[in-house]
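What follows is one structure encoded as C-alpha cells, with my remarks underneath.
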Amino acid sequence: MVIRTPEQREDLLEAGRRFGIILETLAGEVRPGVTTKQLDIRAEELIRAGGDEPIFKGYQPEGARYPFPAALCISVNDEVVHGIPSDRVLKEGDIVSLDLGLSHNGMIVDSAVTVPVGKTDTKSYALMDTTRLALDAAIAASRVGNRIGDISHATEEAFKGTGFSVVKILGGHGVGEEVHEEPFVGNVGHPGTGPEIVPGMVLALEPIANIGRAGVHILRDGYTFATKDGSRSAHFEHTILIEENNTIVVTKRPSE
Ligand code: MG
Ligand code: MG
C-alpha cells in the first residue's frame, strides 16, 4: 500500500513497534526442547494480549488447499519458509526461521528472523549473517528515486562470492492493507527496472538463501518450502516505510 494519511502512518508504526517486541520475545524463547507448536501458541498469545490479530492464521494464499493453520510460520534447518508448527522438538544446533504477521487497527506488518537453537556450526552462522546483511543492503537500496529492481539487484549482489545461493522464486512484496500486495520484490533483478519507489510505499523485503543450491520444493503439507538438496536455509524480513528523505524500518526489534 501507499500511506496517505498521518493516522495510517501512526497505526503502521505502532503495529511495527508492537511486532518488534513480540518477535524479539519469541526469538529469546527458542531453545533445545521447545516444540514449534509451543512457539506458535506463544506468538498468538503475545499478539492477542495487545488486542491485535495474528494475520497468517486462516490466511489462504491463492492455490492453497486449506487456510494456514497457525499464527507463526516456523521453518527448521532445510525448511525454507511457510513451515507449519507441530510437535517437532527443537534440538541444539538447529537453525529456526520465525516468520510472523500482525494486524493492528487494520494495518498489517510482516517480518522474520532466523536464529540458532543454542549454539550451531560456523557455516550456519555465516549463512544467517550473510542473509541479514542482504536485508540491510535491500533496505539501503529502498529509497525514493530508485526502482524495485534496484532493491532486487542489491539483494542479489549481497550473496555474490559468499558461496550461498539466494532463492530466486521467493521474495518480498507490498504490505499494509493485505498480507501480500503488489509489487513483488524479487531477491534477484536488474537495476533501473520495475515500479518506481514512491513516498508512502510500504514493502516487506525478505532475502532467503541456502547453504547449498538454490532449488526448493513444496512438501506434502502444501505449505512448507524445503531445499531440494537438504542444505540449510535462512530468512530475514522487515516491513519498511518509504518516506521522502528516509526509510523507516517499521518492524525493527528493540535490540537492533
Ligand atoms: Mg513474512
Ligand atoms: Mg512477507
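The values are calculated or read from the model by the stated rules, or taken from the named source; none is laboratory data. Only a predicted model underlies this, so the values are computations on that prediction, with no experimental measurement involved. Note: ideal-geometry Cβ built from the backbone for every residue, glycine included; neighbour counts use all protein chains shown.
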Of the residues in segment 43-54, those that are within 16 Å of ligand 1 (Cβ to nearest atom) and in a helix (DSSP H, G or I) number 3
Which residues, taken from segment 7-63, are without any contact (Cβ under 8 Å) to a residue 40 or more places away in the chain and touching a Ser or Thr at 6+ places or on another chain (Cβ under 7 Å)? Leu46
Name the single residue that is nearest to Glu45 (Cα to Cα) among those in segment 85-131 being among the small types (Gly, Ala, Ser) and exposed (fewer than 14 other Cβ atoms within 10 Å of the Cβ). Gly106
Considering segment 55-69 alone, what residues qualify as being away from ligand 1 (no atom under 13 Å from the Cβ) and of a type outside the set (D, E, K, R)? Gly58, Gln60, Gly63, Ala64, Tyr66, Pro67, Pro69
Among the residues of segment 71-93, which ones are in contact with a Ser or Thr (Cβ under 9 Å, 6 or more places away or on another chain), assigned to a loop (DSSP other than H, G, I, E, B) and aliphatic (A, V, I, L, M)? Ile84, Leu90
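Can we say Asp99 is away from ligand 1 (no atom under 16 Å from the Cβ), closer than 22 Å to Ala214 by Cβ and at pLDDT 95 or above?
no
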Condition first: outside any helix (DSSP H, G or I), touching a Pro at 6+ places or on another chain (Cβ under 8 Å) and under 27 Å from Thr5 (Cα atoms). Now tell me which residues in segment 104-151 satisfy that. Val144, Arg147
